[in-house]
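Trainee: Below is one structure. I have some questions about it.
Please treat every number below as a calculation from the coordinates, not as lab data. Small disclaimer: the values here were computed from a predicted structure and weren't measured. Backbone-built Cβ (ideal geometry, glycine too); neighbour counts: all protein chains shown.
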Amino acid sequence: MAPQPINITSSSEASLPRCPDCNSTKLTFDSTRGEICCGICGLVVEDSYIDQTAEWRAYTKEQHIRRARTGTPKSLLSYDHYGTLIDYSNKDIFGNSLSPEKASQMFRLRTLQRRAVLQYGTERNLLRALNEIKRISSQLNLTVKVRETAAMIYRKILKTGLVRGRSTEALVSAALYLSCRLHKQPASLEDVADKTRLNKKKLAKNFRLLLKHLDLKMPLASPESSIAKFTSVLNFPPKVLTDAQTILSQAKSAKITVGKNPNSLAAAALYIAALQNKIKCPQNEIAKTCQITEVTLRNRYKEFVKVLKLKIHLT
């Protein structure tokens with residue numbers, strides 16, 4: 001096969017690949033040798049070049065699926081990391097129904113696979129925990145990254161034997177909340193506890209237990225991570241969110257946020273921003289949404305107005 005010229009898509013002349021000898025941009029790729037050569041002086045710029053494209057072509061989606069030789073990506077949310085499963089469709093790759101003999105064989109293989117997964121207590125515990133992670137995270141609309149981190153945390157505590165004598169649901173919920181904190185997701189203890197049969201106190205106890213045994217450095221919760229969620233729940237316009245974030249940055253510069261509840265800081269900033277934009281916002285509604293008391297909201301509000309010298313026009 002004749003060498004093919006490299007396709008240059010960049011519009012900037014300075015960013016084009018060049019020959020280190022003659023500074024030419026006319027480079028050719030020889031797929032049979034795996035070499036990139038200069039078309040002017042013949043210098044081999046790169047050898048042993050790996051062609052990462054497929055050696056087959058597909059013209060339909062069915063052909064692409066049938067000719068591909070790769071499976072599902074590795075995931076911590078799957079019991080065996082790859083989600084190997086014999087489905088119940090009893091159809092081959094072309095969509096044709098299996099013969100009665102093949103269908104009976106697939107039934108026996110499914111039974112053997114199910115028994116192999118549920119053979120030991122740790123495997124059953126892990127399978128139940130992963131299903132619980134998927135259920136809770138689905139209700140909380142958590143990202144795949146948060147779910148996989150929670151699965152990784154549970155796999156670690158399963159190896160240490162920490163799950164013995166403890167509730168699987170409690171440890172799974174604590175792992176999910178720990179993952180949310182690590183990825184700075186706006187999910188509070190109350191949010192996670194509402195999707196389980198646990199109360200906030202028991203969930204916090206298991207959360208501290210995981211921190212102790214895993215020896216993790218937990219990042220401090222910040223009001224910026226939850227202020228967008230509170231704005232969405234309260235149906236405030238984007239202008240209120242922008243003004244509230246500006247108020248929070250000013251409060252941080254003034255060093256009046258140290259040691260304060262992040263939810264109270266976010267609530268006070270939202271309340272002030274709403275008043276500045278002439279939007280009616282009852283204190284009890286904001287306090288309930290931000291999971292604080294009205295007294296705490298008023299204290300943070302007065303502190304922000306006094307220190308930052310904000311002008312509020314009350315109607």
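Trainee: Sort 149-160, 188-199, 166-177 by the packing proxy (mean of other Cβ within 10 Å over each peptide's residues), most packed first. Mind showing how you got there, number by number?
Mentor: Values: 149-160: 18.7, 188-199: 16.3, 166-177: 22.3.
For the peptides 149-160, 188-199, 166-177, the packing ranking is 166-177, 149-160, 188-199.
Trainee: Cβ under 14 Å from Thr28's Cβ, Thr28 left aside: what net charge do those residues give with Lys, Arg +1 and Asp, Glu -1? Spell out each step's value before the answer.
Mentor: Details: positive: Arg18, Lys26, Arg33; negative: Asp30, Glu35, Glu46, Asp47.
Combined, the nearby Lys, Arg, Asp and Glu give -1.
Trainee: How large is the direction-averaged shadow of the alpha-carbon convex hull of the chain, in nm²? Kindly include the intermediate steps, with their values, before the conclusion.
Mentor: On the way: hull surface 112.2 nm².
Taking the Cα atoms of the chain, their convex hull projects to 28.0 nm² on average.
Trainee: Among Val295, Val258, Val44, which one shows the biggest mean-square fluctuation in a GNM of the chain, springs joining Cα atoms closer than 10 Å?
Mentor: Most flexible of the set in this elastic network: Val44.
Trainee: Starting from the Cα coordinates of the stretch 163-315, work out the convex hull volume and express it per residue in Å³.
Mentor: Working: hull volume 17.4 nm³, N = 153.
That works out to 114 Å³ per residue.
Trainee: Also, quick follow-up: If you stretched the chain out fully between Ser167 and Lys200, how much longer would it get, using 0.36 nm times the residue separation minus the C-alpha to C-alpha distance? Present the calculation step by step, with values, prior to reporting the outcome.
Mentor: On the way: separation 33, 0.36 × 33 = 11.88 nm, distance 1.49 nm.
So the chain would gain 10.4 nm between Ser167 and Lys200.
Trainee: Same structure again: Taking the chain as a Gaussian network, Cα atoms linked when under 10 Å apart, which of Ser264, Ser226, Ser99 shows the biggest mean-square fluctuation?
Mentor: Of Ser264, Ser226, Ser99, the Gaussian network model singles out Ser99 as fluctuating most.
Trainee: Sticking with this one: For Ala268, what is the net charge nearby, where nearby means another residue's Cβ is under 10 Å from its Cβ and Lys, Arg count +1, Asp, Glu -1?
Mentor: Working: positive: Lys260, Arg298, Arg300, Lys302; negative: Glu303.
Overall, the nearby charge balance is +3.
Trainee: For the residue pair Lys61 and Ser249, what label-to-label distance in nm results when each label sits 7 Å from Cα along the Cα-to-beta-carbon direction?
Mentor: With each label placed 7 Å out from Cα toward Cβ, I get 4.4 nm.
Trainee: Compute the separation of the alpha-carbon centres of the stretch 275-313 and the stretch 178-230 and state it in Å as a whole number.
Mentor: 25 Å
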